[in-house]
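Down below is the structure, laid out as structure tokens.
The values are calculated or read from the model by the stated rules, or taken from the named source; none is laboratory data. Fair warning: this is a prediction, and the values are worked out from it, not measured in the lab. With ideal geometry, Cβ positions are generated from the backbone for all residues, glycine too; neighbour counts draw on all protein chains shown. Note: areas computed on protein heavy atoms with side chains; ligands, DNA, RNA excluded. Shrake-Rupley method; radii C 1.70, N 1.55, O 1.52, S 1.80 Å.
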Amino acid sequence: MRYLRSGPRRLQTQDMGAPRAKTIGLRSGEIADRNIRVILEAIRRHGPLTRMELGRHCGLTGPGITNILRRLAEERLVTSNRRNGLGGGATATEFALRPEGAFSIGVKLRQRRGEAVLIDLSGQVHDRVYIELDPADKVGLVHASVRDMVDRHAALPIIGLGIAANDWTQDQSDQIAAMSTIARPYVENECTASLLAERTIGSSGREGGLAMIIIDDDVQAGFLIRGIPYSGVHGRAGSIGEMLTGPDNVQLNTVVGFQSLRSRIGDQAFTSLLKGEEISSPSLSQWIREAAGHLLDPIIAMAGFLAPSVVMIGSDLPQGVIEALIHQLSIERRDTSTRPLLTPWISPMKPASFSGGGVALGAALLPFLNTLLLPPASA
């Protein structure tokens, strides 16, 4: 498969004097690549589409659309069929995404556990494995898991690897690139990967902002503003786990993070939860009440400053636990015994569209967004 270039260049610093951002024009090849992405994105989101419908979606001319469709068909990324006209009218050729035309692997990494998924161009998961990690040999274990997945699906056109991790380094990417037969990995932090999954293939609308809270060993948040993930200075936006919260003014991580949950319900019950098993216990209910009481403070702050259209909560915890937490949050926001004012301006809250907050899925989308589909800043 011939790869398209990565996203067009936008900002560049001056070679002399004080750094100053300047707009860079697009070369003809970059314009062509962008138009291909525009067409493929329109077919992925709205297809099947005829040439005329593609013209309305993309604003491109008929000959240009025909040339792009020919190239996408040669790359086996789209397929065509005849659409019958209404009432026996004229037929037209419509073009649809061919999901099996490209595959990608995404890896989510925590300190001692990970998850790897194989997805097709539509975002459908075809394989999923869970990885036990040793911090001393994280690169080797990730490489072995990715290699095994590639070997199991050797006949598929796997175009790249994405990694979602908050502590992955450039040196580790260099090591993976040297060991792997797949191209150099694309890397994002966990919340950004989660947001990309929601934005690209999730249920969240594209209008308005989106806040995502990920509950894991720590608690973190990510923000999607005008369709673009916002990471802040040095990527520190969303470090809500370090906030002092609740009436007792304690750090959020110590109340909502997984260590707090494990210590409250016990190792066996905690392991069952991470396996997706729904359990019921007074200790779990108590954790949900305490977690909601402390999580509400950063949610109020997000609503007041960013006013996102929705606040989503994702985790490796079962869906029922996330829904119970959101229900408890709705109770807490109306409780004036600990907070003197009601908070009617809080954005609607709902679970993330995908298990684990879609972090591994978002990581797997990174190669597509860098080679085939429109990146967030362009869509």
Could you tell me how many of the residues in the stretch 290-304 are over 16 Å from Gly257 (Cβ atoms) and open to solvent by 20 Å² or more (accessible area, probe 1.4 Å)?
3
Filter the stretch 146-171 for residues that are of a type outside the set (Asp, Glu), outside any loop (DSSP other than H, G, I, E, B) and out of contact with any Pro (no Cβ under 8 Å at 6 or more places or on another chain); the one that is nearest to Ser231 (Cα to Cα) is Ala164
Restricting the stretch 45-86 to residues that are closer than 20 Å to Ala102 by Cβ and of a type in the set (Gly, Ala, Ser), the residue that is surrounded by the most Cβ atoms within 10 Å (Cβ to Cβ)
Gly47
Check every one of the strands (runs of 3 or more DSSP E) wholly within the stretch 172-257 and list those with 1 or more residues that are closer than 23 Å to Leu274 by Cα.
210-215, 219-225
Within the stretch 26-84, track down each residue that is over 12 Å from Phe95 (Cα atoms) and of a type in the set (Val, Ile, Thr).
Ile31, Ile36, Val38, Thr61
What do you reckon, is Ser280 in the same structural domain as Leu244 (by the TED database), assigned to a loop (DSSP other than H, G, I, E, B), within 30 Å of Val125 (Cα to Cα) and out of contact with any strand residue (DSSP E or B) (no Cβ under 8 Å at 6 or more places or on another chain)?
yes
Looking only at strands (runs of 3 or more DSSP E) that fall completely inside the stretch 96-136, which ones have 2 or more residues that are buried (at least 22 other Cβ atoms within 10 Å of the Cβ) and not β-branched (Val, Ile, Thr)?
103-109, 113-120
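Here's the yes/no breakdown for (1) assigned to a loop (DSSP other than H, G, I, E, B); (2) at pLDDT 90 or above; (3) within 26 Å of the chain's Cα centre (by Cα); (4) surrounded by fewer than 21 Cβ atoms within 10 Å (Cβ to Cβ):
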| residue | (1), (2), (3), (4) |
| --- | --- |
| Arg334 | yes, no, no, yes |
| Arg339 | yes, no, no, yes |
| Leu342 | yes, no, no, yes |
| Trp345 | yes, no, no, yes |
| Gly362 | no, yes, yes, no |
| Leu366 | no, yes, yes, no |
| Leu369 | no, yes, yes, no |
| Ser378 | yes, no, yes, yes |
